[in-house]
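Peer 1: What follows is a structure written as C-alpha cells; I'll ask about it next.
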Amino acid sequence: MKSVKNITIAGAGLVGSLMSIYLAKRGYKVTIFEGRKDIRAAGKAEGRSINLALSNRGWLPLKEVGLESTVEKMVIPMRGRMMHDEEGFLTFQPYGREGQAINSISRGGLNEVLMNAAEKEGVEIKFECKCVGINFDESILHYENAGTRYSQKSDLIIGADGAFSVIRRLMQRTDRFNYSQHYIEHGYKELSIPPSANGGFEIEKNALHIWPRGNFMLIALPNQDGSFTCTLFFPFEGSPSFESLKNDDQIRNFFQKTFPDAYNLMPSLLKDFHNNPTSSLITIKSYPWVKNRTLLIGDASHAIVPFYGQGMNSGFEDCRVLNDLLNDYEDDWSKVLPKFQEQRKPDADAISDLALKNFIEMRDLVGDEDFLLRKKIEAKIYEQFPQKWVPLYSMVTFKEDIRYSEAMKTGEKQKAIMDKVMAQTDIHKNWEKLDLKKLVDQLQS
Ligand SMILES: Cc1cc2nc3c(=O)[nH]c(=O)nc-3n(C[C@H](O)[C@H](O)[C@H](O)COP(=O)(O)OP(=O)(O)OC[C@H]3O[C@@H](n4cnc5c(N)ncnc54)[C@H](O)[C@@H]3O)c2cc1C
C-alpha cells in the first residue's frame, strides 16, 4: 500500500474524534467530516443531559492520548449497583474489589473534550458535512454541505459514522460483505431525577441505580449537577409496554406502583415521558471491516445493546488496538488493516453477545437470591485467588488486558462450575464451607 499521509474520517462522534487524536499524534494529516452542527456552539444549557458509563477499556486510550486528568474531573465514580425493590428497599452490590468503579460521564461533555483535543493536535473538523458516497477504488469520499456535493480524495478513509453508518451501507453493496442487524423487543426512554432543593443528590451519588422488574427495568446514572439521567428499558408492545401507557393517568399509576421511590423524585415525569423519544435498541454485526483503503470502526462496524455499558468502551478499544498495530508494523497499513479486523472481530462479537445476556441479568436476576449468592461466592473466590478467578463482569469492565473473547470463554467455564455449585442441596446454608481452591483448580484444568 502506497504510503499513507492524508486520512479522512467520517463522523466526529466519540470514536472518530478519539481515533483522529491518535492519528494526528503519529503525524498524519486528518480531516473529519461530521454531519451535525458543532455541538460546542450550541452551548451547555441546550438539550437533555445524557450520560454513559466509562470503564477501564475506555480509560486506557484516554490516558494514552493524554486526556486522563481532564476526563477525571468530569466523572462520577459508581462503585456498585444499587437495587431498588417494589417497596423502595435498597440493596447495594459492589461492582468489583475495593477501589474499582465505573464512571458516569456526560456524553456531550466527553465528545467536546475529544473534539477540542483533536483540533489542538491539528485535526480539521468540518461540520454540517454529511458523507453521502464513496469511491472505494480511488479512496474518494463524497459529502454534502448546504445542498452542494463535494469530494475529498485521501490515502485512507475511516468510517466512524455510528450504528447507521453510511460508509458501511455503501460497503454492503460490495461483493462478499456480511451484515446482520437485530432489534430487540424493548426500546428505551430517557427520564430524569432533578437535584434536591439544596443542589445535592436525592439518591446515593456513587452508584448505578437499578429498579429491576423482571421483563423491564429503570436505571439511573448520576450527573455532576446533582441530577440523575434515568433510562426506562421497556417492551414496545404487550402489557405493560410503551404502547399500553397511553395517557397521563396510566403513566402516573404505573410509575407510582412499579417504581414508587423513583416516582416521588420525578416531578417532570409526564413531560419527559411525552416529550422524549422512544428509541429502539439494535445489534449490528458486519464483516469485513476493510474495503481497499476504507476501514470501519466503532458502532459503524459493531453496534451493541447498552446493557454491559461497553459500546463506547469497545469503540475506544478499537482505536487503541489500531494504534498498537501501527506501532508493531511501523505504520505499514497493508499489514495493519487486515490484522486489525482479524484481531478485533472475535472481540466485537463476544461483547455483542455478552451485552445481550446482561440485559437478563440486570432486569431479572439482580434481585434473585440464587443469583446474589452466586455473585457472593464468586466475589469470595476472587478475593482469595485474585490472579486465578476473576468474575466475568470484572474481566469485561476492569481488566483491559483481557480480550473480550477470552473473558467470554473463561466466563463460560466459570458458569459451568458455578452451576454445579448452585445445584448442591442446602447451598444457601453451606456455601461458606465450600472448598474454593478446588473450584479454582477446576477452572485452571
Ligand atoms: C441508551 C444507550 C446507552 C449507552 N450507554 C453506554 C455506556 O454506558 N457505556 C458505553 O461504553 N457505551 C454506551 N452506549 C453506546 C455508545 O453510545 C456508542 O457505542 C458510542 O456512541 C459509539 O460511538 P461512535 O463514535 O462509533 O458512534 P456515534 O457516537 O454514533 O457517533 C457517530 C458520529 O457520526 C456522525 N455521522 C453519522 N452519519 C454521518 C454521515 N453520513 N456523515 C458525517 N457524519 C455522520 C454522527 O453525527 C456522530 O457524530 C450506549 C448507547 C445507548 C443507545
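The values are calculated or read from the model by the stated rules, or taken from the named source; none is laboratory data. Just so you know, these numbers come straight off a predicted model, no measurement behind them. Every residue, glycine among them, receives a Cβ derived from its backbone with ideal geometry; neighbour counts consider all protein chains shown.
Peer 1: Out of the residues in region 123-163 meeting the condition of being of a type in the set (Asp, Glu) and part of a loop (DSSP other than H, G, I, E, B), tell me which one is nearest to residue 332 (Cα to Cα).
Peer 2: Per the stated criteria, the residue is 155.
Peer 1: Based on what the data block shows, is residue 157 in the same structural domain as residue 11 (by TED's automatic domain parsing) and either closer than 22 Å to residue 312 by Cα or within 14 Å of the ligand (Cβ to nearest atom) (or both)?
Peer 2: yes
Peer 1: Anything in region 373-387 that is of a type outside the set (Asp, Glu), loosely packed, with under 15 Cβ neighbours inside 10 Å and touching a residue at least 24 places away in the same chain (Cβ under 8 Å)? List them, or say none.
Peer 2: Scanning region 373-387 gives 376, 384, 386.
Peer 1: Considering only region 65-82, I want to know if a residue exists there that is away from the ligand (no atom under 12 Å from the Cβ) and touching an Asp or Glu at 6+ places or on another chain (Cβ under 7 Å).
Peer 2: The answer is yes; a qualifying residue exists.
Peer 1: Would you mind telling me which numbered condition in (1) closer than 14 Å to residue 189 by Cβ; (2) surrounded by 15 or more Cβ atoms within 10 Å (Cβ to Cβ) residue 263 fails?
Peer 2: Every condition holds for residue 263 apart from (1).
Peer 1: Related question: Take residue 88 and decide whether it is closer than 30 Å to residue 329 by Cβ, in contact with a helix residue (DSSP H, G or I) (Cβ under 8 Å, 6 or more places away or on another chain) and either modelled with pLDDT under 90 or not in a strand (DSSP E or B) (or both).
Peer 2: No: the conditions fail for residue 88.
Peer 1: Among the residues of region 10-20, is any surrounded by fewer than 21 Cβ atoms within 10 Å (Cβ to Cβ) and not in a strand (DSSP E or B)?
Peer 2: no
Peer 1: Look through region 295-321, keep the residues that are surrounded by fewer than 24 Cβ atoms within 10 Å (Cβ to Cβ) and away from the ligand (no atom under 12 Å from the Cβ), and return whichever of them is farthest from residue 350 (Cα to Cα).
Peer 2: Applying the filter and picking the extreme gives 320.
Peer 1: Same structure, new question: Can you report the number of residues in region 322-335 which are buried (at least 18 other Cβ atoms within 10 Å of the Cβ) and under 21 Å from residue 402 (Cα atoms)?
Peer 2: Counting residues in region 322-335 that are buried (at least 18 other Cβ atoms within 10 Å of the Cβ) and under 21 Å from residue 402 (Cα atoms) gives 4.
Peer 1: Against the conditions (1) of a type in the set (Asp, Glu); (2) within 16 Å of the ligand (Cβ to nearest atom); (3) closer than 24 Å to residue 338 by Cα, where does residue 34 fall short? Just the number, please.
Peer 2: (3)
Peer 1: What are the residues in region 160-193 that are within 12 Å of the ligand (Cβ to nearest atom) and either of a type in the set (Gly, Ala, Ser) or without any contact (Cβ under 8 Å) to a residue 60 or more places away in the chain (or both), if any?
Peer 2: Within region 160-193, 160, 162, 163, 164, 165, 169, 170, 187 qualify.
Peer 1: Among the residues of region 45-85, write down those that are in contact (Cβ under 8 Å) with a residue 40 or more places away in the chain, in a helix (DSSP H, G or I) and under 25 Å from residue 396 (Cβ atoms).
Peer 2: Once the filter is applied, which keeps residues that are in contact (Cβ under 8 Å) with a residue 40 or more places away in the chain, in a helix (DSSP H, G or I) and under 25 Å from residue 396 (Cβ atoms), region 45-85 yields 56, 57, 58, 59, 60, 61, 62, 64, 71.
Peer 1: Give the residues of region 91-106 that are outside any strand (DSSP E or B) and not aromatic (Phe, Trp, Tyr), sorted by residue number.
Peer 2: Selection gives 96, 97, 98, 99, 100, 101.
Peer 1: Quick one: is residue 292 surrounded by fewer than 24 Cβ atoms within 10 Å (Cβ to Cβ), at positive phi and out of contact with any Leu (no Cβ under 6 Å at 6 or more places or on another chain)?
Peer 2: yes
Peer 1: In addition: Looking only at region 350-357, decide whether some residue is in contact with an Asp or Glu (Cβ under 7 Å, 6 or more places away or on another chain) and touching a residue at least 60 places away in the same chain (Cβ under 8 Å).
Peer 2: no
Peer 1: How do the pairs read when you match residues in region 135-146 that are under 11 Å from residue 291 (Cα atoms) and within 16 Å of the ligand (Cβ to nearest atom) with residues anywhere that are part of a strand (DSSP E or B) and of a type in the set (A, V, I, L, M, F, W, C), using Cβ under 7 Å and keeping only pairs 6 or more apart or on different chains?
Peer 2: So the pair list comes out empty.
Peer 1: Report whether or not residue 109 is surrounded by 16 or more Cβ atoms within 10 Å (Cβ to Cβ), part of a strand (DSSP E or B) and not hydrophobic (A, V, I, L, M, F, W, C).
Peer 2: No.
Peer 1: Give 407, 423 a once-over and let me know the one that is without any contact (Cβ under 8 Å) to a residue 24 or more places away in the chain and over 27 Å from residue 234 (Cα atoms).
Peer 2: Of 407, 423, the one residue that is without any contact (Cβ under 8 Å) to a residue 24 or more places away in the chain and over 27 Å from residue 234 (Cα atoms) is 423.
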